[in-house]
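Please read the structure below before turning to the comments.
The values are calculated or read from the model by the stated rules, or taken from the named source; none is laboratory data. Given the structure is predicted, the values throughout are model-derived calculations rather than measurements. When we count neighbours, we look across all protein chains shown, and the Cβ atoms used for this are built from the backbone with ideal geometry, even at glycine.
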């Protein structure tokens, strides 16, 4: 439907209202003037009839019909009025215009009926005798006993009255037309006074919409329009401040996102891209400027990354995953996903952070290969040294006490170095198996694994008079690599035994919680200060280097535990209180870990 201007909506309404008002006023004026004319005519004819009745009364009492008719003719001619004398039986005894004997009975005339009833009667009708419209008024003429002697009727022609009414009608119509034209012009001016300021405000609002916030609407004499202009000017100022702030924040945000080394990808709930920074475009091999509002599947061509994004959209907790993007060259990325929320803390999508770790993974591979190769190379000479030292310590040789002491030190340090090399090789193997551990996963009875680990540590625990207890359901089956979990538990139990005083207890508690299994190794040892907990699983990190060397630790045991747990897509946490003991908790999923 085509919209109309406010001017053309208001103007016809104003015109219609003015036309109705003028018609009503003209009709009322015409009606009032007509009544005034007829009232004046009625008073005039009543006066004439009354005066004539006084003149004709003596003659009527005498009963001289010829004299009555003559009097009617004489007086009627002098005052230009038709007078008629009607007797109670309806016969006409005198008339100023016609011969009474030739006139019909007037008993049935309306004015005569009213007069014989004792009141004045009036009627307007066409006179067949005079061939024109007349107004008649009859009054009763009574004797001393109040008996009606006759009806005295006076009549005047309507010609003059109709002429006056026609003249008045033309004047009223002319005045109405002139008033209507003047009113239409006034309405045009009034409507323009209303619409012109609104049109100016409309133009100003369009300039505001186009970003010109410096324009101002001038004040207006009308209070409502002036308030509207003030509100629009105030809105312009607020919009200017808001837009400036938004532009500044957007520029700052774009500067921050463009300067990041990580790729940032914002996805809405319908899997459409809200924002992609430059680095994300480089990682994905697309133009980040053309990706906005496109479906994620049209921009992200890597299936594993698409699955990760969908998982982030449906998850309420942060996700993190290492992914390989097949291409030339192949890229290794670390993807982090979290819920994207608006100002009302409502979920509107997901925020994906992509970090290209291809070079880092390459360096880790080089480092791991280097450690593995060095360890392999050192393994042979260390084994030879240890073999020769054990040979020299045999009973076949007769050494002095100093030489025996030196040989024992060499044997001890060679054994320690051999343990370090074994642990390094274990770590290297774990790092290599992280990507293909799935092939070695088997449903395993957890109680059997824990019992086996306790048996391996039992000799060491017995030497320190430490009791190792286990609480685990007998039928708890989990998908794990049994030997690796056993090795992790052995490392934790050995540490608990080494760092506990004689006579204490070590307790292993395994429980099933929904989709996870927790294995807690709790001791009553010396405890660990909080400042060491964050670095406890780093390689070669020692809380007390002197004590560790005395107890024979390599500094790699907890790092091996962490790698074993991570290879199973699990996690490990530690809680400790100095002087009370420590608790290491392993969490493993009940579902088989995927690559």
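For the range 316-325, which residues satisfy the criterion of being touching a strand residue (DSSP E or B) at 6+ places or on another chain (Cβ under 7 Å) and either surrounded by fewer than 14 Cβ atoms within 10 Å (Cβ to Cβ) or closer than 15 Å to residue 263 by Cβ (or both)?
Those that are touching a strand residue (DSSP E or B) at 6+ places or on another chain (Cβ under 7 Å) and either surrounded by fewer than 14 Cβ atoms within 10 Å (Cβ to Cβ) or closer than 15 Å to residue 263 by Cβ (or both): 316, 318, 320, 321, 322, 323, 325.
Could you tell me how many of the residues in the range 143-168 are modelled with pLDDT under 85, under 17 Å from residue 88 (Cα atoms) and touching a strand residue (DSSP E or B) at 6+ places or on another chain (Cβ under 7 Å)?
The number of residues fulfilling the criteria is 1.
State whether one or more residues within the range 473-492 are surrounded by fewer than 22 Cβ atoms within 10 Å (Cβ to Cβ), in contact with a helix residue (DSSP H, G or I) (Cβ under 9 Å, 6 or more places away or on another chain), in a strand (DSSP E or B) and free of Cβ contacts under 8 Å to residues at least 40 places away in the same chain.
Yes: one or more hits.
Could you tell me whether residue 468 is on the phi < 0 side of the Ramachandran plot, in contact (Cβ under 8 Å) with a residue 60 or more places away in the chain and more than 59 Å from the chain's Cα centre (by Cα)?
No, not satisfied.
Which of the residues belonging to the range 538-561 are at pLDDT 75 or above and surrounded by fewer than 19 Cβ atoms within 10 Å (Cβ to Cβ)?
538
Condition (residue is more than 15 Å from residue 106 (Cβ to Cβ), in contact (Cβ under 8 Å) with a residue 40 or more places away in the chain and more than 60 Å from the chain's Cα centre (by Cα)) applied to the range 128-148: is it met by at least one residue?
Checking the range 128-148: at least one residue is more than 15 Å from residue 106 (Cβ to Cβ), in contact (Cβ under 8 Å) with a residue 40 or more places away in the chain and more than 60 Å from the chain's Cα centre (by Cα).
Restricting attention to the range 169-203, and to residues there that are over 57 Å from the mean Cα position of the chain (by Cα) and surrounded by 16 or more Cβ atoms within 10 Å (Cβ to Cβ), which single residue is modelled with the highest pLDDT?
Applying the filter and picking the extreme gives 176.
Among the residues that make up the range 262-282, is at least one of them touching a residue at least 40 places away in the same chain (Cβ under 8 Å), touching a helix residue (DSSP H, G or I) at 6+ places or on another chain (Cβ under 7 Å), surrounded by 12 or more Cβ atoms within 10 Å (Cβ to Cβ) and at positive phi?
Yes, some residue in the range 262-282 is touching a residue at least 40 places away in the same chain (Cβ under 8 Å), touching a helix residue (DSSP H, G or I) at 6+ places or on another chain (Cβ under 7 Å), surrounded by 12 or more Cβ atoms within 10 Å (Cβ to Cβ) and at positive phi.
Looking at 313, 228, can you tell me which residue is at pLDDT 85 or above and either in a helix (DSSP H, G or I) or surrounded by 12 or more Cβ atoms within 10 Å (Cβ to Cβ) (or both)?
None of the others qualify; the one that does is 313.
Assigned by TED's automatic domain parsing to the domain that holds residue 157, part of a helix (DSSP H, G or I), within 20 Å of residue 143 (Cα to Cα) and in contact with a strand residue (DSSP E or B) (Cβ under 9 Å, 6 or more places away or on another chain): is that true of residue 49 in this structure?
Judged against the criteria, residue 49 is a match.
Looking at the range 72-82 only, could you name the residues that are surrounded by fewer than 21 Cβ atoms within 10 Å (Cβ to Cβ) and either in a helix (DSSP H, G or I) or under 60 Å from the mean Cα position of the chain (by Cα) (or both)?
Listed by number, the residues that qualify are 73, 74, 75, 77, 78, 79.
When you scan the range 445-455, do you find a residue that is closer than 24 Å to residue 588 by Cα, modelled with pLDDT under 85 and assigned to a helix (DSSP H, G or I), even just one?
Within the range 445-455, not a single residue is closer than 24 Å to residue 588 by Cα, modelled with pLDDT under 85 and assigned to a helix (DSSP H, G or I).
Sort through 338, 365, 380, 328 and tell me the only one that's modelled with pLDDT of 80 or more and either outside any strand (DSSP E or B) or crowded, with 16+ Cβ neighbours inside 10 Å (or both).
Exactly one residue qualifies, and that residue is 338.
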